[in-house]
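Comments concern the structure below.
The values are calculated or read from the model by the stated rules, or taken from the named source; none is laboratory data. Note that this is a predicted model, so its numbers are computed, not measured. Cβ: placed from backbone, ideal geometry, glycine included. Neighbour counts: every protein chain shown. The protein model used for the area step is the full one, side chains on, heavy atoms only, and it has no ligands, DNA or RNA in it. Shrake-Rupley method; radii C 1.70, N 1.55, O 1.52, S 1.80 Å.
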Amino acid sequence: MQNFDYMTPTRLIFGKGVIEKLPEVMGKYGKKVLLTYGGGSIKKLGLYDKVKELLSDFDIVELSGIQPNPKYDPSVLEGVRLCKEHNVDVILAVGGGSVLDCSKAIAAGAKYDGDVWDLISYKAFAKDALPIVDILTLAATGSEYDCGGVISRTETNDKIGYVDPHLYPVVSFLDPTYTFTVSKKQTAAGCADAMNHIMEQYFCEDATLLNDGFCEAGLKSLMINARKCLDNPEDYNARAEMMFTCTLGCNGIYALGNSESGWPCHGIEHALSAYYDITHGEGLAIITPRWMKHILSEKTVDRFVKYGVNVFGIDSSLEKFDIAEKAIQATYDFFESIGIPMHLKDVGIDESRIGEMAHHIAVNEGLENAYAPLTEQDITDILNASL
Ligand code: NZQ
Ligand code: ZN
């Protein structure tokens with residue numbers, strides 16, 4: 001078991017109607033608020049009006065239009081400008097992972113004098129950040145309980161996971177009823193994203209029995225509850241369990257004491273969504289079974305056996321490579337069964353830029369140090385197999 005140093009300082013306020021606590025919570029951080037949100041789903045939900053009503057005593061500046069795969073320019077830059085110009089005390093992020101991630105970069109940038117890209121690209125490190133409170137509306141990324149934000153810079157095809165302990169939200173409001181309106185496409189993509197977060201922690205060299213059990217339960221919970229959410233979008237218990245499982249997915253708790261895996265599928269997918277602006281969870285679902293097939297070997301087969309037997313109930317008396325192959329097929333079949341397009345061509349990606357993307361990934365993602373090390377050629381092969 002590996003050493004670890006762990007703390008998540010975020011307060012989670014979970015359940016139906018918890019938003020009523022918003023004024024009391026926000027009051028602790030100040031009166032000048034930057035309210036951030038996306039393309040309008042929070043208005044359709046009635047959440048925008050509710051927030052404005054609850055915070056009628058606060059002075060609110062707004063940044064709207066934050067896109068999926070949030071962009072450095074204009075969203076992060078504009079948010080930082082607003083915070084500085086209006087002397088903002090606290091950011092209230094209302095939306096999915098993209099709104100939260102963008103708000104995290106803004107929170108750090110607001111307290112930094114130089115070019116915010118220096119922070120995102122690790123040329124400089126934040127000494128402070130504005131507090132972030134969020135109201136989550138989409139179960140997927142776990143951004144509400146971690147200290148990372150993923151920011152895209154279109155002109156350089158960069159999509160960088162910016163991680164810094166200053167970026168933990170101070171409070172996350174998790175009301176599953178706000179996820180009732182999430183589309184089938186985003187529900188399925190959110191499930192695939194959270195499943196992959198767990199897999200990225202499960203497939204490693206050195207894992208504990210405790211973590212394995214935790215991960216296997218998380219994967220089963222996501223598969224069962226995502227199906228229920230797709231069948232009945234207003235199934236409160238299914239939306240609630242899915243939301244909480246996603247929340248735990250990305251802050252490291254599933255892998256405390258495990259060795260590092262290198263998060264290879266994320267390394268590959270971030271380039272896909274940087275180059276083609278695709279939905280993150282769909283990109284992961286396409287890459288994951290191809291990556292699994294590519295890394296299956298004498299060294300990795302026992303992990304696949306455990307995964308296949310404990311997550312998918314595959315007969316443990318079969319030959320080990322047979323179990324592993326069945327487990328990989330079951331992973332593919334599950335994603336396909338919840339409606340995810342399972343080929344890159346289905347999401348608008350052809351072979352033309354595969355070499356360029358593989359090179360970008362090999363140079364920037366450090367996958368030569370992953371659990372199953374990946375060279376540029378390996379990455380090219382995985383991308384080609386995903387077409
Ligand atoms: O923009 P609006 O109108 O709000 O619509 C959004 C958006 O179009 C919509 N939506 C959100 N809540 C809704 C809703 N529609 C109806 N009802 C609701 N209640 O859903 C669409 C997608 O939203 P987005 O925030 O982009 O989705 P998600 O939460 O999956 O976030 C994806 C982003 O997070 C990054 C991804 O790379 C991607 O950029 N990630 C962040 C991580 C983190 N911070 O830890 C880890 C992840 O691995 C991931 O990389
Ligand atoms: Zn992810």
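Conditions first: (1) open to solvent by 20 Å² or more (accessible area, probe 1.4 Å); (2) part of a helix (DSSP H, G or I); (3) touching a residue at least 24 places away in the same chain (Cβ under 8 Å); (4) away from ligand 2 (no atom under 16 Å from the Cβ). Lys299 passes all but one, so which condition is the exception?
Going through the list (1) open to solvent by 20 Å² or more (accessible area, probe 1.4 Å); (2) part of a helix (DSSP H, G or I); (3) touching a residue at least 24 places away in the same chain (Cβ under 8 Å); (4) away from ligand 2 (no atom under 16 Å from the Cβ), Lys299 breaks only (2).
Give just the number: which of (1) touching a residue at least 12 places away in the same chain (Cβ under 8 Å); (2) farther than 19 Å from Leu35 by Cβ; (3) more than 23 Å from the chain's Cα centre (by Cα) does Asp115 not satisfy?
Every listed condition holds for Asp115 apart from (1).
Counting only residues that are out of contact with any Ser or Thr (no Cβ under 7 Å at 6 or more places or on another chain) and assigned to a loop (DSSP other than H, G, I, E, B), which one in region 38-52 is most open to solvent (accessible area, probe 1.4 Å)?
Gly39
For region 31-57, how many residues are touching a residue at least 40 places away in the same chain (Cβ under 8 Å) and over 15 Å from Pro169 (Cα atoms)? Please lay out each step first, then the result.
Of the residues in region 31-57, the ones touching a residue at least 40 places away in the same chain (Cβ under 8 Å) are 31-38, 41-42, 44-45, 47-48, 51.
From what is left, the residues that are over 15 Å from Pro169 (Cα atoms) are 31-32, 37-38, 41-42, 44-45, 47-48, 51.
Of the residues in that region, 11 qualify.
If we scan region 187-196, do we find a residue that is open to solvent by 10 Å² or more (accessible area, probe 1.4 Å) and either in contact (Cβ under 8 Å) with a residue 24 or more places away in the chain or among the acidic types (Asp, Glu) (or both)? Show your work before the answer.
Going residue by residue through region 187-196, those that are open to solvent by 10 Å² or more (accessible area, probe 1.4 Å) are none.
Scanning region 187-196, I find no residue that is open to solvent by 10 Å² or more (accessible area, probe 1.4 Å) and either in contact (Cβ under 8 Å) with a residue 24 or more places away in the chain or among the acidic types (Asp, Glu) (or both), so the answer is no.
Counting just the residues of region 225-235 that are open to solvent by 20 Å² or more (accessible area, probe 1.4 Å) and in contact with a Lys or Arg (Cβ under 7 Å, 6 or more places away or on another chain), which one comes out farthest from Gly339 (Cα to Cα)? Step through it out loud before you land on a result.
Just the residues of region 225-235 that are open to solvent by 20 Å² or more (accessible area, probe 1.4 Å), to begin with: 227-228, 230-235.
Imposing the further condition that a residue be in contact with a Lys or Arg (Cβ under 7 Å, 6 or more places away or on another chain) reduces the set to 230, 235.
On the way: Leu230: 10, Asp235: 19 Å.
Within region 225-235, the match that is farthest from Gly339 (Cα to Cα) is Asp235.
Tell me, yes or no, whether region 278-293 has at least one residue that is open to solvent by 20 Å² or more (accessible area, probe 1.4 Å), basic (Lys, Arg) and farther than 20 Å from His360 by Cβ. Walk me through how you get there before you give the answer.
Applying the first criterion (open to solvent by 20 Å² or more (accessible area, probe 1.4 Å)) to region 278-293 yields 279-280, 290, 293.
Keeping just the survivors that are basic (Lys, Arg) gives 290, 293.
Restricting the remaining residues to those that are farther than 20 Å from His360 by Cβ gives 293.
The answer is yes, given that some residue of region 278-293 is open to solvent by 20 Å² or more (accessible area, probe 1.4 Å), basic (Lys, Arg) and farther than 20 Å from His360 by Cβ.
When you check Val150 against the structure, is it in the same structural domain as Ile60 (by TED's automatic domain parsing), under 27 Å from Cys229 (Cα atoms) and crowded, with 24+ Cβ neighbours inside 10 Å, yes or no?
Yes.
Scan region 353-364 and give yes if some residue there is outside any helix (DSSP H, G or I) and not acidic (Asp, Glu), otherwise no. It would help to see each step written out before you state the result.
The initial filter retains those residues of region 353-364 that are outside any helix (DSSP H, G or I), namely none.
Checked region 353-364: no residue is outside any helix (DSSP H, G or I) and not acidic (Asp, Glu).
Checking the conditions here, which among Cys229, Cys204, Cys246, Cys265 is assigned to a loop (DSSP other than H, G, I, E, B), hydrophobic (A, V, I, L, M, F, W, C) and not assigned by TED's automatic domain parsing to the domain that holds Gly148?
Working: Cys229 fails: assigned to a loop (DSSP other than H, G, I, E, B); Cys246 fails: assigned to a loop (DSSP other than H, G, I, E, B); Cys265 fails: assigned to a loop (DSSP other than H, G, I, E, B).
Unique residue meeting the criteria: Cys204.
Return the residues of region 358-387 that are open to solvent by less than 10 Å² (accessible area, probe 1.4 Å) and either closer than 15 Å to Pro289 by Cα or more than 21 Å from the chain's Cα centre (by Cα) (or both); say none if nothing qualifies.
Of everything in region 358-387, those that are open to solvent by less than 10 Å² (accessible area, probe 1.4 Å) and either closer than 15 Å to Pro289 by Cα or more than 21 Å from the chain's Cα centre (by Cα) (or both) turn out to be Ala358, Leu374, Ile379, Ile382, Leu383, Ser386.
Which residue is nearest to ligand 2 (Cβ to nearest atom), if the candidates are limited to region 249-262 and must be farther than 13 Å from Met199 by Cβ and either polar (S, T, N, Q) or part of a helix (DSSP H, G or I) (or both)? If you could, list the steps in order and put the result at the bottom.
Restricting attention to region 249-262, the residues satisfying the condition of being farther than 13 Å from Met199 by Cβ are 251-253, 256-257, 259-260.
Subset that is either polar (S, T, N, Q) or part of a helix (DSSP H, G or I) (or both): 251, 253, 259.
On the way: Asn251: 12, Ile253: 15, Ser259: 20 Å.
Looking at the filtered set, the residue picked out is Asn251.
Does His166 count as within 16 Å of ligand 2 (Cβ to nearest atom) and out of contact with any Phe, Trp or Tyr (no Cβ under 6 Å at 6 or more places or on another chain)?
Details: within 16 Å of ligand 2 (Cβ to nearest atom): no; out of contact with any Phe, Trp or Tyr (no Cβ under 6 Å at 6 or more places or on another chain): yes.
The answer is no for His166.
Of the residues Phe334, Phe312, which is in the same structural domain as Asp206 (by TED's automatic domain parsing) and more than 23 Å from the chain's Cα centre (by Cα)? Walk me through it before giving the result.
Numbers: Phe334 fails: more than 23 Å from the chain's Cα centre (by Cα).
Of Phe334, Phe312, the one residue that is in the same structural domain as Asp206 (by TED's automatic domain parsing) and more than 23 Å from the chain's Cα centre (by Cα) is Phe312.
Considering region 268-282 alone, what residues qualify as being part of a helix (DSSP H, G or I) and within 9 Å of ligand 1 (Cβ to nearest atom)? Steps first, please.
First, the residues of region 268-282 that are part of a helix (DSSP H, G or I): 268-276, 280-282.
Hits for region 268-282 are Glu269, His270, Ser273, His280, Gly281.
Is it the case, given these coordinates, that Asn196 is under 14 Å from the mean Cα position of the chain (by Cα) and part of a loop (DSSP other than H, G, I, E, B)?
Values: under 14 Å from the mean Cα position of the chain (by Cα): yes; part of a loop (DSSP other than H, G, I, E, B): no.
Here the answer is no, as Asn196 does not meet what is asked.
So which residues in region 145-155 are within 13 Å of ligand 2 (Cβ to nearest atom) and closer than 21 Å to Leu219 by Cα, if there are any at all? Please lay out each step first, then the result.
At the first step, the residues of region 145-155 found to be within 13 Å of ligand 2 (Cβ to nearest atom) are 146, 148-150.
Matches in region 145-155: Asp146 only.
Name every residue in region 181-193 that is assigned to a helix (DSSP H, G or I) and within 9 Å of ligand 1 (Cβ to nearest atom), in order of residue number. Don't jump to the end; show me each part of the working.
Start the filter on region 181-193 by keeping residues that are assigned to a helix (DSSP H, G or I), which leaves 184-193.
Passing the criteria: Lys185, Gln186, Ala189, Gly190, Asp193.
Pairs, please: C-beta under 7 Å, at least 6 apart or cross-chain, first residue free of Cβ contacts under 8 Å to residues at least 60 places away in the same chain and in region 353-373, second part of a loop (DSSP other than H, G, I, E, B) and aliphatic (A, V, I, L, M)?
Filtered contacts from region 353-373: Glu368/Leu374.
Yes or no: Leu222 within 23 Å of Gly348 (Cα to Cα) and open to solvent by less than 20 Å² (accessible area, probe 1.4 Å)?
Numbers: within 23 Å of Gly348 (Cα to Cα): no; open to solvent by less than 20 Å² (accessible area, probe 1.4 Å): yes.
No: the conditions fail for Leu222.
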